[in-house]
Amino acid sequence: MSLSPIEHSASLRIGAVEFVSPDEIKVGLDLEAPDGIAANAGVPRAFPRINGYVLIATEAGHIVAQVEWIAVERSPFPKRKGFADYGLVDLPFPLREMRINPLGLLKKDEEGFQFQRGIHIFPSVGEPVLIPTDAQLRAIVKSGKKRRVKIGTSPLAANADVCIDPDRLFGRHLAVLGNTGSGKSCSVAGLIQWSLKTASTANSNPNARFIILDPNGEYARVFKDSGRIFQVGDKGQPLEVPLWFWNSSEWISFTQAAARAQVPLLKRALRSMRNEEFEFETDPKIEAKRFIGIILQSTIASKNSGEPYKQFPHTKNFTERLIVWKESIDDYNNITDNLVKLSRRLDSLISKHKKAESNGWTNYPEYTSVEIDKLINGLRKYYKLLGGTEQDLLPKNEDIPVKFTGDVFVSFLSLLARETGNEQYFDFLLARIQTMLADTRMKEIIGDNVDITLEQWLESYIGKDKAENGCVTVIDLSLVPAEIIHIITSVIARMTFEALQRYRKINEKSLPTVLVMEEAHTFIKRYKEDTENQNSASVCTQIFEKIAREGRKFGLGLVLSSQRPSELSPTVLSQCNSFLLHRISNDIDQDLVRRLVPDNLRGLLRELPSLPSQQAILLGWAAELPIMVRMNDLAEHERPHSDDPDFWDVWTGKNDKGEIVSRKIDWKEIADEWQMKHFSKTDEENTELQS
Ligand SMILES: Nc1ncnc2c1ncn2[C@@H]1O[C@H](COP(=O)(O)OP(=O)(O)O)[C@@H](O)[C@H]1O
Ligand SMILES: [Mg+2]
């Protein structure tokens, strides 16, 4: 049966516009309009349905609107077709009316229907309201370009496919929010799997990188065959985040170093570790070179501060330092005689600036800039003679990941504390580091036995060239000790971010990478900015805030999953451009997500508390208009496995499949481990401690 457009639109008519104001459009439904199921638009479809789509036929095209509410109004007279029959008694008659919310315009061109956000002209009263055809619904749902990956179907739009553009979804940070059990983890795992599957139709080995920070340990089973799994304990590859990766703020937050008394020394110790100044050097020539390098840097710093040109006591301090330097150089003179001239030069400089007066006082005249420049040039000449390079002179900052061991760090730090008379302030701080180094659980992740180079780490955690070793990294944080879990998370996130920053600096192109953070409310928490002592949770939040703000430039997209959006850092949330909202019943969290959406689009969000699991609303940059999605089905083995406690099975000793479920208890083992009485045979250090 083929209908003319007019006839067709007549058959799809369900009512007419009755009331128009800038923020409200009301429609009176025709008596014949379907009530429950609409069969006139092709596939039978629920109508009228809250949040379903309707069209208003105008000259410019069809205005697309979403149903906000539906009501029945008692009319004193029937709206009868044909002539009134005055012989009948008219009883009050129920009339249906609905309020709709205009979203955009649907136009037809050679390629079919095209949907456009926003409307230029409001409809007028009397204009017919239609139920959209399947083709029209598909056009609304699929609007936008490059919709490459199918993630589900839309129950409000005749189950049309919902497809996303990965550049949009991952490129500008995605937040997946919803109650526990609403399907967040499945959606996250699904988005990754469906994207990779679709990409592999175009390139059999997709060059993709997904890094999942997984505090519940749910993702390992999903990606066990395709990805790299890092775990504590002896299951997957060991999770390794050596302590020399940590930057100064991570160290400060872990040790709870006090801002004035401890932070400067801690930073100085880190700087020395990173400049390898601590290393004992057996070759005296290298030792001499290093010494001259240090005094050269120090002289340049003094020159820049203007110290030698100022009056007493600055001139005295500088002269005293020259005296100490000269004495050390004389020691080296025994080894390399070409330092004699340098020693003499220092000597004459010192005698000019330390003059004994007849009255018993000592006078320290100011230095001239010529004298200081000559000294610097001299030092530089000898430094080069001994094999030093300009490159070596550049001080390495305290944050770069240069390898050092925890033991050396602790001894260096205690030495530094003693020499500077700060010993009593450092007891607690040193004890904290030592406890960490001795703890078997922490040692495994960060300790001195962790033997991995920076390059190896980047290869295994971010991925090799062309993603040769897989596209997905799962970092199982579930067994990481609570004391360091925030530090470990922030180190991994920061290392990823900085690696991509450097990648772009060198290659002038970014390396697209997605960082997934599950249970984001525990790692990206709101925090108070004004506290003096940064704890490790706020250091962790800050790195994610930085990634949220700047990650896009370097190709790093964030995917956050959380059940408590109101506890998340507002900075991070406001940087998320796409949202996948599952069921949210808590009203504080509902209020929060409602504020993310423009007023006229809030209607759909009223469904949030009643969404079934696996259904969600996609909105923001990744969707032309907010859209309800029923996510694709995941098979059992494709779903993240959250370990809900199985009370019943344990109580009854078997599960649904009839398999035996047991829980053996050996408290002694736990007590021993707790009281640190438990030593594995390989653990030599601990055995030594014991003996
Ligand atoms: N796409 C899906 N395919 C199959 N089952 C799903 C899907 N989404 C959700 N589910 C079901 O919902 C349950 C809870 O989902 P989950 O992702 O663990 O929720 P959340 O992470 O929000 O706590 C899953 O165990 C699964 O049975
Ligand atoms: Mg989950």
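Which ones in the range 43-63 are in a loop (DSSP other than H, G, I, E, B) and either surrounded by 16 or more Cβ atoms within 10 Å (Cβ to Cβ) or at pLDDT 80 or above (or both)? Walk me through how you get there before you give the answer.
Taking the range 43-63 and keeping what is in a loop (DSSP other than H, G, I, E, B), we get 43-44, 48-52, 59-60.
Matches in the range 43-63: Pro48, Arg49, Ile50, Asn51, Gly52, Glu59, Ala60.
Counting only residues that are crowded, with 19+ Cβ neighbours inside 10 Å and either in a loop (DSSP other than H, G, I, E, B) or over 40 Å from the mean Cα position of the chain (by Cα) (or both), how many does the range 110-126 have? Break it down into steps so the answer makes sense when it comes.
Our first condition is that a residue be crowded, with 19+ Cβ neighbours inside 10 Å; within the range 110-126, this holds for 113, 115, 123.
From what is left, the residues that are either in a loop (DSSP other than H, G, I, E, B) or over 40 Å from the mean Cα position of the chain (by Cα) (or both) are 123.
Final tally of qualifying residues: 1.
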Filter the range 529-572 for residues that are part of a strand (DSSP E or B) and away from ligand 2 (no atom under 16 Å from the Cβ); the one that is nearest to the chain's Cα centre (by Cα) is Leu558
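Which members of the range 461-489 meet the condition of being under 14 Å from Ile211 (Cβ atoms) and not in a loop (DSSP other than H, G, I, E, B)?
From the range 461-489, those under 14 Å from Ile211 (Cβ atoms) are 461-464, 467, 469-477, 488-489; that's our starting set.
Listed by number, the residues that qualify are Tyr461, Ala467, Val472, Thr473, Val474, Ile475, Asp476, Ile488, Thr489.
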Among Leu515, Leu573, the single one that is crowded, with 23+ Cβ neighbours inside 10 Å, of a type in the set (A, V, I, L, M, F, W, C) and in contact with a Ser or Thr (Cβ under 8 Å, 6 or more places away or on another chain) is Leu515
Looking at the structure I just gave you, is Ser187 within 16 Å of ligand 2 (Cβ to nearest atom), within 17 Å of Gly620 (Cβ to Cβ) and among the polar types (S, T, N, Q)? yes
Per the filter on the range 363-392, residues within 14 Å of Gln297 (Cα to Cα) and of a type in the set (A, V, I, L, M) are Ile372, Leu375, Ile376, Leu379
The condition from (1) hydroxyl-bearing (Ser, Thr, Tyr); (2) more than 28 Å from Asn304 (Cα to Cα); (3) not in a helix (DSSP H, G or I) that Ser411 misses is numbered (3)
Only one of Glu398, Glu423, Glu455 is free of Cβ contacts under 8 Å to residues at least 12 places away in the same chain and under 35 Å from the mean Cα position of the chain (by Cα), namely Glu455
Checked the range 160-208 for anything within 8 Å of ligand 1 (Cβ to nearest atom), assigned to a loop (DSSP other than H, G, I, E, B) and in contact with a strand residue (DSSP E or B) (Cβ under 6 Å, 6 or more places away or on another chain); matches are none
Across the range 445-471, the tally of residues that are farther than 26 Å from Ile484 by Cβ and surrounded by fewer than 16 Cβ atoms within 10 Å (Cβ to Cβ) stands at 5
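If we scan the range 588-603, do we find a residue that is in a helix (DSSP H, G or I), under 22 Å from the mean Cα position of the chain (by Cα) and buried (at least 22 other Cβ atoms within 10 Å of the Cβ)?
Restricting attention to the range 588-603, the residues satisfying the condition of being in a helix (DSSP H, G or I) are 588-594, 599-603.
Filter once more, keeping what is under 22 Å from the mean Cα position of the chain (by Cα): 589, 592-593.
If we keep only those that are buried (at least 22 other Cβ atoms within 10 Å of the Cβ) as well, we get 589, 593.
The answer is yes, given that some residue of the range 588-603 is in a helix (DSSP H, G or I), under 22 Å from the mean Cα position of the chain (by Cα) and buried (at least 22 other Cβ atoms within 10 Å of the Cβ).
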In the range 620-646, anything of a type outside the set (Asp, Glu), at pLDDT 90 or above and out of contact with any Leu (no Cβ under 6 Å at 6 or more places or on another chain) is listed as Arg630, Met631, Asn632, Leu634, Ala635, His637, Arg639, Pro640
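For the range 128-148, does any single residue satisfy the condition of being within 16 Å of ligand 1 (Cβ to nearest atom), closer than 24 Å to Gln575 by Cα and not aromatic (Phe, Trp, Tyr)?
We begin by selecting, within the range 128-148, every residue within 16 Å of ligand 1 (Cβ to nearest atom); these are none.
No; the residues of the range 128-148 include none that is within 16 Å of ligand 1 (Cβ to nearest atom), closer than 24 Å to Gln575 by Cα and not aromatic (Phe, Trp, Tyr).
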Pairing a residue in the range 296-307 that is in contact (Cβ under 8 Å) with a residue 40 or more places away in the chain with any residue that is of a type in the set (Lys, Arg), where Cβ atoms lie under 7 Å and the two sit 6 or more apart in sequence or on different chains, gives Leu296/Arg380
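Would you call Thr496 within 16 Å of the chain's Cα centre (by Cα) and outside any strand (DSSP E or B)? Walk me through it before giving the result.
Numbers: within 16 Å of the chain's Cα centre (by Cα): yes; outside any strand (DSSP E or B): yes.
The answer is yes for Thr496.
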Picked from the range 377-395 (must be touching a Lys or Arg at 6+ places or on another chain (Cβ under 7 Å) and either free of Cβ contacts under 8 Å to residues at least 40 places away in the same chain or surrounded by 12 or more Cβ atoms within 10 Å (Cβ to Cβ) (or both)), the residue nearest to Phe318 (Cα to Cα) is Gly378
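If I filter the range 154-184 down to residues being polar (S, T, N, Q) and within 17 Å of Leu581 (Cβ to Cβ), which single residue comes out as farthest from ligand 2 (Cβ to nearest atom)?
Initially, the range 154-184 is screened for residues polar (S, T, N, Q), giving 154, 159, 179-180, 182.
Right, trim to within 17 Å of Leu581 (Cβ to Cβ) and you get 154, 179-180, 182.
On the way: Ser154: 23, Asn179: 10, Thr180: 7, Ser182: 9 Å.
Among residues in the range 154-184 that are polar (S, T, N, Q) and within 17 Å of Leu581 (Cβ to Cβ), the one farthest from ligand 2 (Cβ to nearest atom) is Ser154.
Okay, residues lined up against (1) within 16 Å of ligand 2 (Cβ to nearest atom); (2) at pLDDT 90 or above; (3) over 19 Å from Thr180 (Cα atoms); (4) in the same structural domain as Leu106 (by TED's automatic domain parsing):
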position	(1), (2), (3), (4)
Leu580	yes, yes, no, no
Thr652	no, yes, yes, no
Ile665	no, yes, yes, no
Asp683	no, no, yes, no
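Would you confirm whether any residue within the range 590-608 is within 16 Å of ligand 2 (Cβ to nearest atom) and charged (D, E, K, R)?
Narrowing the range 590-608 to residues within 16 Å of ligand 2 (Cβ to nearest atom): none.
No, the range 590-608 contains no residue that is within 16 Å of ligand 2 (Cβ to nearest atom) and charged (D, E, K, R).
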The one condition Leu196 fails out of (1) within 12 Å of ligand 2 (Cβ to nearest atom); (2) over 21 Å from Gln575 (Cβ atoms); (3) not small (Gly, Ala, Ser) is (1)
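From the list Glu624, Glu638, which residue is surrounded by 11 or more Cβ atoms within 10 Å (Cβ to Cβ) and within 14 Å of ligand 1 (Cβ to nearest atom)? Break it down into steps so the answer makes sense when it comes.
Details: Glu624 fails: within 14 Å of ligand 1 (Cβ to nearest atom).
Testing whether each residue is surrounded by 11 or more Cβ atoms within 10 Å (Cβ to Cβ) and within 14 Å of ligand 1 (Cβ to nearest atom) leaves just Glu638.
The values are calculated or read from the model by the stated rules, or taken from the named source; none is laboratory data. Just so it is clear, the model here is predicted, and its values are computed rather than measured. As a convention, Cβ positions derive from the backbone with ideal geometry for all residues, glycine included, and neighbour counts pool all protein chains shown.
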